[in-house]
Amino acid sequence: AVTAMMKAAAGTDASYANKIEGWGADERDPFDAGLRVGSVTVIMENSTCDGSTLKDPTAQEAAKFFHNNGKPFVYETNYPLGQNDSAMTVVLRALKDNEFNWNGTGGGDFGITYLASVTKNEYTLAEFTCGASSGWMCTLNGWFTSSGLNAYQVGTGIADGDELRMMYSMTGGPDVGY
């Protein structure tokens, strides 16, 4: 299926079926995404917690920073999708390309299975920052994922043209439509 996607895409963009710059083209790259097989849209947003109800000043500032006046803080269209990617590695690569860091569980660096926090500069928005049920949730093409993002691999769950939207929820999902 991946080879078919590469062949189909090869006529539309010269970068298809090539290594993705910064993501496996060099042995010093932090993750090898493999050959480009398509592109996706990656959106990271916190539209729920602006920090105004939080008592901790550090949490207030972090929530306000990531709230970004209700606009996504990462919005990547035509983001390269590699043959070795999962939905999680695509999200993490987009974060890194936009100078964000993260922490997660279930593995190290690009092997995490759960995104616990996102950091930029001195600001961190993490699970529980905005309440006991707060944390990151994801939709794939408008549907909430039922498994960890690492389960959605190229060829078996994520494909050219998909949209990944990571949303910060204060209520475990109802405030973001779950």
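The values are calculated or read from the model by the stated rules, or taken from the named source; none is laboratory data. The model shown is predicted, which means the values in this text are computed figures rather than measured ones. All Cβ positions, glycine included, derive from the backbone under ideal geometry; neighbour counts span all protein chains shown. Remember, those area values only see protein heavy atoms, side chains included, never the ligands or the DNA or RNA. Shrake-Rupley method; radii C 1.70, N 1.55, O 1.52, S 1.80 Å.
General remarks:
- Counted as qualifying within segment 56-167 are the strands (runs of 3 or more DSSP E) with 3 or more residues that are touching a Phe, Trp or Tyr at 6+ places or on another chain (Cβ under 8 Å), namely 74-82, 114-120, 135-140.
Yes or no, residue by residue, for (1) open to solvent by 50 Å² or more (accessible area, probe 1.4 Å); (2) out of contact with any helix residue (DSSP H, G or I) (no Cβ under 8 Å at 6 or more places or on another chain); (3) free of Cβ contacts under 8 Å to residues at least 60 places away in the same chain; (4) of a type outside the set (D, E, K, R):
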| position | (1), (2), (3), (4) |
| --- | --- |
| GLY142 | yes, yes, yes, yes |
| ASN150 | yes, no, no, yes |
| GLY155 | no, no, no, yes |
| ASP160 | yes, no, no, no |
| LEU164 | no, no, no, yes |
| GLY173 | no, yes, yes, yes |
| VAL176 | no, yes, no, yes |
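- Filter pass, LEU81 being touching a residue at least 24 places away in the same chain (Cβ under 8 Å), under 23 Å from TYR178 (Cβ atoms) and open to solvent by less than 60 Å² (accessible area, probe 1.4 Å): no
- Considering segment 42-57, and only residues there that are more than 17 Å from LYS96 (Cβ to Cβ) and within 18 Å of the chain's Cα centre (by Cα), the residue that is most open to solvent (accessible area, probe 1.4 Å) turns out to be SER47.
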